[in-house]
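Please read the structure below before turning to the comments.
The values are calculated or read from the model by the stated rules, or taken from the named source; none is laboratory data. Keep in mind that what you see is a predicted model, and the values were worked out from it rather than measured. Because the Cβ atoms are built from the backbone with ideal geometry, glycine has one as well, and the counts that use them run over all protein chains shown.
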Amino acid sequence: MTYQASADVIVVGAGTAGCLFAWRMAERGYDVLVLEKKRLSELGRAIEIFHMVQDQFDLFDIPHPEPPELIHTETINYSFSPDLSVKMPVRGTFYVMNMPAFMQRMQGYAKAAGVTFMELTSVEDVLIEGGRLVGVSGTHEGEPFEARGKLVVDTSGLAGAVRTRLPNDFGVENQPVPAEKCLYVCLELRDSIPEGFPTGSNGYMFHKAFWNKGYGDDVVLGIGQPISFEYAWEKHREWREEYFGDPGRVVSRRQGAIPFTRTPYSLVGNGFMLVGDSANQNKPFSGEGVTSGFVAVMIAVDVADRALKAGDVSRASLWDYNARYQHDQGAKFAASQAQLPTVAELPRKDVDFLFHKGVIFSSEDFEELNANYEIVFSTGKLIKVGLTLLWGVITGQFSFSSLKKFLKASQQAGEAKALYMQYPESPAGFEEWVAKAKAIWGE
């Protein structure tokens, strides 16, 4: 027998984005069913420790964390040049938190609002009727199940459990995120650290690594790298040994993969919405996806509510989610995706020069990036940056090849942002827009 379930809204994935979406939709009076392939109590363990900017809780109307979920509060993060001679303060209050505890709290809010959760439920196929997504099927605790709803929302993370099973003619890209377009995050928790080593929060941008305070006197040594977990752990070791040797004692290791690629061109289809990591909505400059996913959730909830009340969950009716997201956060992230890979791969000597001269790598720029997801360059600032880089080339402190790459990437970033801010307000003109976007991304 196939277990049958139904609800107004089916949410696939009980992560942070899925819980917030389900919670807010239930508050608006909808019957919401969340399907999760793992046990709820297991979620968040892969990474365990994460951070959120303090004012984001007020922005999304989520109560602030308390111990033991709240591990500690930081008000400053230091960013180091490769030669360690520049220690750049980046100010801003953020919470260091326990991810499993935060996720269980979010689940609790959703349940209190009336959301139903089905654990150990694996989505293996989609139900399409008349060109509309009407539900999903798979196994629940090893037995066949089928869940139907007016709207299906994929918040299943990197796997894209629903998106990757949509038919080719559905209007939403269904290719899985390839391994080479993922960021592999590796964390090592260490204790018994001798005196003289870093304290607080510290970033090493050239290595894409960080040394942060963990639980009590413990520290977290983390890195984010492409290619594979094996490659990331090797780079983790190289970075740690170069700067710190082998301090203290390894308590545990954590790892997780996240998408590091552009957002799909469309996030909606007939009866379908895509939100969070499953939509590649991570911040390109840090990989963090909780709060950027929440930004998308709030737009998606507003659009879904309006569509359901109108009794029309067609692609056209849900399209406003596409436009509102791409015009703002999507445009900023597109610019970062176009420029950051070039900046991240600059030679060590060139990165040192940028830190020493405060070009891009300055306290002001880092703080603006964290707060607004982009760095806005005035005409005066652009002229100053250009003259500084030119002087670096003339004096041999900055390579001419890096200057060319930087200028080209900056141009592409500007073109990408401008195009995404012109995202069509309706499905009409979408194909023409996609053609332009593919040209920018070199697809």
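One table, with the values for the structure above:
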item	result
Any chance residue 417 is among the basic types (Lys, Arg) and either at positive phi or crowded, with 17+ Cβ neighbours inside 10 Å (or both)	yes
Elements of type strands (runs of 3 or more DSSP E) contained in region 182-297, each with 2 or more residues being under 20 Å from the mean Cα position of the chain (by Cα) and closer than 30 Å to residue 314 by Cα	249-259, 272-274
Matching option when the condition is modelled with pLDDT under 95, of a type outside the set (Gly, Ala, Ser) and crowded, with 16+ Cβ neighbours inside 10 Å, among 260, 244, 272, 210	260
Selection from region 180-207 of residues that are surrounded by 21 or more Cβ atoms within 10 Å (Cβ to Cβ) and either free of Cβ contacts under 8 Å to residues at least 12 places away in the same chain or of a type in the set (Lys, Arg) (or both)	190
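Residue by residue, here is whether (1) in the same structural domain as residue 291 (by TED's automatic domain parsing); (2) within 23 Å of residue 222 (Cβ to Cβ); (3) not aromatic (Phe, Trp, Tyr) holds:
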residue	(1), (2), (3)
40	yes, no, yes
43	yes, yes, yes
54	yes, yes, yes
59	yes, no, yes
70	no, yes, yes
74	no, yes, yes
79	no, yes, yes
